[in-house]
Amino acid sequence: EGLQRVRALAQEGLRVVAVASRQRADGASAAQTLSPADETDLVFEGLCAFADPAKPTAAAAIARLSAAGVRLKILSGDDPVVVQRLAQQVGLRAERVLTGADVAALTDDALAVQVQAVDIYGRLAPDQKARIVRALKSRGAVAGFLGDGINDAPALKVADIGLSVEGASGVAQAAADMILLASDLEVVADGVEEGRRTFVNILKYVRMGASSNFGNMLSMAVASLFLPFLPMLPTQILLNNLLYDFSEIGIPLDKVPTAAIAQPQVWDMRGLLRFAGVMGPLSSLFDLATFGGLLWLFRATPEEFRTLWFMESMATQILVIFIIRTRAVPWRDRPHSALVGSSLVALLVAMALPFTPLGAWFGFATPPTAMLTGVGALVLVYLACAQWLKAQALAGGRGPVAPAA
């Protein structure tokens, strides 16, 4: 009857401690040392039930993580019945529960199969928690573990991402990779979303830089074969890089559609090389068209040549940011105002500098209107081609550029 009562309380999500007593022998001192042998002839006094409910935000946080492709599992040393009840309250799959004894009876291969279907585990020893984490990783999963007790240290060590909380045991904090300042799954859900958003924007920057630098180097290499003068002076190259870097300052704040962070992001080196291999030569092709037009059509002087290539290079590099940052057409997926501001300020400085007294210090010359018109037309054609070709450059890639709505 007592065990049935304990089980009934456990099914209500209560942890239960039994209390029993016995009469002490006459003359026993208050400081008498007790041993397991004293645990006999006890009189059952009753049960103490303790409620440890889930946080009110847990169910919503688990739903957010599930929608983001993050699957949660409970690995606990508590009574499996209590753990199952808790899992049901927060919306986890709780049809099956594996105990420590069940895990011990499974081979590593069998456990790797079971962890794909079972989300709830109870009465686990510390090494069994670590074994389950290793079983998840053996099937290619990126495994994170959140724990705050000494018994969680082995699993925290073997997990790809070990998370502990402020106020956890020192051993758990030492074993963790990150320590959360609030013991709440909402923090984890927020971190997943922010991490993915940051990763998307970082990869935007990498793609822009890789394609731009590859195109510029290719253009310089080809120009050196037939130009009798430097296509751009060292100070002009440095100014070009400075303004281009400034134009990208707003990328960390750029908007990322929900669809772009709905699934985990991956580093796709092959896709990055394919993108740079398409967009870089496209930029070089229009650079060469600019070279040919300036040399043979307009008969530009070296100063005019450098000035107009600088302006063309800055216009194409900066304006293509708004095309590369999204799979959609630029006006349907608008950038953050910070990115718009930094880009347009850098573009304005680059376009205005040759017409100011400071331009002569950098070796620029005021270009004729006809040359400006021709270069401006080339820039517009380049942007149209970049918008058309980016779909081919991104084909098959998994990635950082937000999908079209």
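The values are calculated or read from the model by the stated rules, or taken from the named source; none is laboratory data. Predicted model only: the values in this text are computed from it and were never measured. No Cβ is skipped: glycine too gets one built from the backbone with ideal geometry, and neighbour counts run over all protein chains shown. To get the accessible areas, we keep the full protein, side chains included, count just its heavy atoms, and leave off ligands, DNA and RNA. Shrake-Rupley method; radii C 1.70, N 1.55, O 1.52, S 1.80 Å.
Summary of computed values
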| quantity | calculated |
| --- | --- |
| The one condition in (1) open to solvent by 30 Å² or more (accessible area, probe 1.4 Å); (2) under 26 Å from Lys55 (Cα atoms); (3) touching a Lys or Arg at 6+ places or on another chain (Cβ under 9 Å) that Leu92 fails to fulfil | (1) |
| Criterion (in contact (Cβ under 8 Å) with a residue 12 or more places away in the chain and either of a type in the set (Phe, Trp, Tyr) or in a strand (DSSP E or B) (or both)) met by exactly one of Leu86, Leu47 | Leu47 |
| Residues being in a loop (DSSP other than H, G, I, E, B), modelled with pLDDT under 85 and aliphatic (A, V, I, L, M) - total across region 70-83 | 0 |
| Residue list for region 196-213, restricted to those being open to solvent by less than 40 Å² (accessible area, probe 1.4 Å) and either without any contact (Cβ under 8 Å) to a residue 60 or more places away in the chain or of a type in the set (Gly, Ala, Ser) (or both) | Gly209, Ala210, Ser211, Ser212 |
| Selected residue (only one of Leu295, Leu319 is open to solvent by 20 Å² or more (accessible area, probe 1.4 Å) and under 39 Å from the mean Cα position of the chain (by Cα)) | Leu319 |
| Pairs, first in contact (Cβ under 8 Å) with a residue 12 or more places away in the chain in region 334-347, second of a type in the set (Ser, Thr, Tyr) and part of a loop (DSSP other than H, G, I, E, B), C-beta under 9 Å, six or more apart | none |
| Test: Thr316 is touching a helix residue (DSSP H, G or I) at 6+ places or on another chain (Cβ under 7 Å), in contact (Cβ under 8 Å) with a residue 12 or more places away in the chain and on the phi < 0 side of the Ramachandran plot | yes |
| Candidate set from region 362-377 (those that are part of a loop (DSSP other than H, G, I, E, B) and either of a type outside the set (A, V, I, L, M) or not assigned by the TED database to the domain that holds Leu294 (or both)); member that is farthest from the chain's Cα centre (by Cα) | Pro368 |
| Which listed residue is in a loop (DSSP other than H, G, I, E, B), in contact with a helix residue (DSSP H, G or I) (Cβ under 9 Å, 6 or more places away or on another chain), open to solvent by less than 70 Å² (accessible area, probe 1.4 Å) and not charged (D, E, K, R), from Ala54, Ala59, Ala135 | Ala54 |
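Yes or no, residue by residue, for (1) under 27 Å from Asp78 (Cβ atoms); (2) at pLDDT below 80:
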| residue | (1), (2) |
| --- | --- |
| Ala30 | no, yes |
| Leu42 | yes, no |
| Glu45 | yes, no |
| Ala51 | yes, yes |
| Thr57 | yes, no |
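Listed here are the residues, each with its yes/no results for (1) in a loop (DSSP other than H, G, I, E, B); (2) under 17 Å from Lys73 (Cα atoms); (3) open to solvent by 40 Å² or more (accessible area, probe 1.4 Å); (4) in contact with a strand residue (DSSP E or B) (Cβ under 6 Å, 6 or more places away or on another chain).
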residue	(1), (2), (3), (4)
Ala141	yes, yes, yes, no
Asp152	no, yes, no, no
Leu156	no, yes, no, yes
Ser164	no, yes, no, yes
Ala168	yes, no, no, no
Gln173	no, no, yes, yes
Ala182	yes, no, yes, no
Val188	no, yes, no, no
Gly191	no, no, yes, no
